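This report refers to the structure that appears directly beneath it.
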Amino acid sequence: MTRALVAITFAVLAGAPAALAQEGDPERGAILFRQCNSCHVAEPDGPARTGPNLYGVIGRTAGTLEDTRYSPAMREAGENGLVWTQESLDGFLQDPRGYMPGSRMSFRGMRDLQDRMDVIAFLTGDAPMVHSAGIERISADILAMEGDVEYGRYLSSECVACHSEPGDDEGIPAITGIEQEAFILAMHDYRDGHREHQVMTTVTQRLTNEEIASLAAYFAEPAE
Amino acid sequence: MTLNRRTFLGTTAALAGTLAAPAVLGQSRPRAVVIGGGAGGATAARYIANDSDGAIDVTLIEPARHYYTCFFSNLYIGGFRSIESIGHSYGTLASDYGINVVHDWALAIDRDAKTVALSGGGSVPYDRLVVSPGIDFKEGAVPGWSLATQNAMPHAYKAGSQTELLRAQIAAMPEGGTFAMVAPPNPYRCPPGPYERVSMVAHYLNEHNPTARILIVDPKETFSKQALFQDGWSRHYPGMIERIGPDFGGDRVEVRPDTMEVVIDGQAESVDVCNVIPAQQAGGILHQAGLVENDWATVVPATMTSVMDENIHVLGDSTRQGAMPKSGFSANSQAKVAAMAVRHALTDSRMFPARFSNTCWSLIDTDDGIKVGATYEAGEDRIEAVDTFISQVGESAETRAETYRESLGWYDSITADMFG
């Protein structure tokens, strides 16, 4: 009964389900997803935290991941056939407790339709994974900053004196193909003292937020 | 005339050895010529060629077909690396980057005609020239020593056959013999280099000739990473190493290669191996070109151009630039700024504020690595340090081992950054 109601509401607000995938912005969704990070990761083979790993959640039957603690209500919903689709996830995200009484998810819900569409687009597609540990330290403004790729290319010449591009990572980790957000987080963490390494702490001291964004944008470019 | 990458490569290959090749091709493309295929020159050539995507015709003039890096050459002496593992060739720069590699000596720079004369005859014209010749030794700096006696008393401060010779002499030392080093005055290539070398010689002797001793004759009051090296020597090689500083005549030394004697403040001492690292100056071609004042070529920090010629960039050990040490890492870093400035001048590409960095790793004994480094920026007249760091005495064995592993990763990365 409740589910039917949500579906109707959804149809009225957002039109056909296909529109959801088309209009959601996965990159913005990745940024919004950081508010979920204290309880969820979204990484291939990522661990369960308080809540399940949400990588590949679309198409999954509710309450069925191994080594994950679910509420009885969630398991029961899965046994009754609840599969996470864009629509069902939209309903759950809007009002978790209302959608599923007995859910343990202590999240008030996302009221804004666009926010939900963006997060769902992120969880649906091949959006960049969030290396989540500590990502909440980085503000959405900084994560959304647009980098100057050409400047990033120049700045990167300092990095590749030690980090092979591409290369093995004996002694010093390779940085080719690093996720943009993971890169941004690492640079900010070294600069701001959340991580320590003599060389990296020194190198990042003079990097501005814009320069970190430029480096991230350059390293995110496909290799030549 | 438009040249795509393939025809450019093909033409270059077809004309290989023809010195007029750059001039012929250069009619449609600006020409950058690089003298010296070491840490600075190889990096500059590679970055100009790679980042300009073929818009600039790059020629690299380097007499040697194989380049042995000075960095890590001490590890060869200590037995941690093979000589092959520190050798690099120029094949990739030619085949993958389209660089016209000319194996010849650059004899002279004609700054008015903007050409470089080669010892094999002919000359190469340039629009922008990058000169990165490394160091030369100052004649008469150590009385009794000259290049003519460098086999009796090797410097081993340009890596390759000299390094192999020094190692062979150390291996042939009699039991309980003496290895002497005459250390150079400032400024010189690789400030921690002589003291890493002492560490590596000590490591070798400790294994093969443990009653041998090491004598350092040093004109300097203090030296790079001194506390770290002295701490390491006392832990790993107690009683083996003696250093005579200027207080006791370290700045008043003479050598006698014929009799294998070192004379310190008038006192002659017989030694078995003598490693003489003389005082240094900019590479000879910079003197010929009139770009040197008081031993070194002064540069403009933002572009690494000579203060005397805006069409010539000078890199690395030959420069007087301010706060950066003379090191392969510094030369590699400076080369990237110069490459950006060359591209800006020749193709109007974007120019960004110059920034530089350097880290020098040294090995004291197995898994006991240390490092010192800094970031730098271009000040008005000189390169200025921004932030610095250095290893600490008393670090854990795990930290030291990790520092050494870092240096291995760095070596692979920076040589790929230089030679492709």
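Here are some notes:
- Any chance residue B:323 is away from chain A (no Cβ under 12 Å), at negative phi and under 20 Å from the mean Cα position of the chain (by Cα): yes
- Qualifying residue in segment B:287-297 (condition: in a helix (DSSP H, G or I) and not assigned by TED's automatic domain parsing to the domain that holds residue B:171): yes
- Only residues that are aromatic (Phe, Trp, Tyr) and within 13 Å of residue A:25 (Cβ to Cβ) were counted across segment A:92-126, and they come to 1.
- Test: residue A:75 is part of a helix (DSSP H, G or I), under 15 Å from residue A:123 (Cα atoms) and at pLDDT 80 or above: no
- Residue B:341 satisfies every condition listed in (1) among the hydrophobic types (A, V, I, L, M, F, W, C); (2) at the interface with another protein chain (Cβ under 9 Å from one of its Cβ atoms); (3) without any contact (Cβ under 8 Å) to a residue 40 or more places away in the chain except (2).
- Restricting attention to segment B:394-411, the residues that are surrounded by fewer than 18 Cβ atoms within 10 Å (Cβ to Cβ) and assigned to a helix (DSSP H, G or I) total 6.
- Filter result for residue B:341 (in the same structural domain as residue B:117 (by TED's automatic domain parsing) and either within 30 Å of residue B:203 (Cβ to Cβ) or among the small types (Gly, Ala, Ser) (or both)): yes
- Test for residue B:130: is it touching a helix residue (DSSP H, G or I) at 6+ places or on another chain (Cβ under 8 Å) and in the same structural domain as residue B:305 (by TED's automatic domain parsing): yes
- Search result, residues across segment B:375-391 that are buried (at least 20 other Cβ atoms within 10 Å of the Cβ) and without any contact (Cβ under 8 Å) to a residue 60 or more places away in the chain: B:375, B:376
- Number of residues in segment B:357-393 that are closer than 19 Å to residue B:234 by Cβ, more than 8 Å from chain A (Cβ to nearest Cβ) and assigned to a loop (DSSP other than H, G, I, E, B) equals 4.
- Comparison of B:239, B:250 shows that the only residue that is within 27 Å of the chain's Cα centre (by Cα) and assigned to a loop (DSSP other than H, G, I, E, B) is B:250.
- Boolean, residue B:401 is under 25 Å from residue B:335 (Cα atoms), more than 8 Å from chain A (Cβ to nearest Cβ) and among the small types (Gly, Ala, Ser): no
- Single match in B:354, B:297, B:331 (criterion: buried (at least 24 other Cβ atoms within 10 Å of the Cβ), touching a helix residue (DSSP H, G or I) at 6+ places or on another chain (Cβ under 6 Å), at pLDDT 95 or above and within 13 Å of chain A (Cβ to nearest Cβ)): B:331
- Filter result (without any contact (Cβ under 8 Å) to a residue 60 or more places away in the chain and within 20 Å of residue B:318 (Cα to Cα)) within segment B:46-63: B:60, B:62, B:63
- Residue satisfying all of: in segment A:201-211; touching a residue at least 12 places away in the same chain (Cβ under 8 Å) and within 14 Å of chain B (Cβ to nearest Cβ); surrounded by the fewest Cβ atoms within 10 Å (Cβ to Cβ) among these: A:205
The values are calculated or read from the model by the stated rules, or taken from the named source; none is laboratory data. Please read all numbers here as calculations on a predicted model, not as lab measurements. No Cβ is skipped: glycine too gets one built from the backbone with ideal geometry, and neighbour counts run over all protein chains shown.
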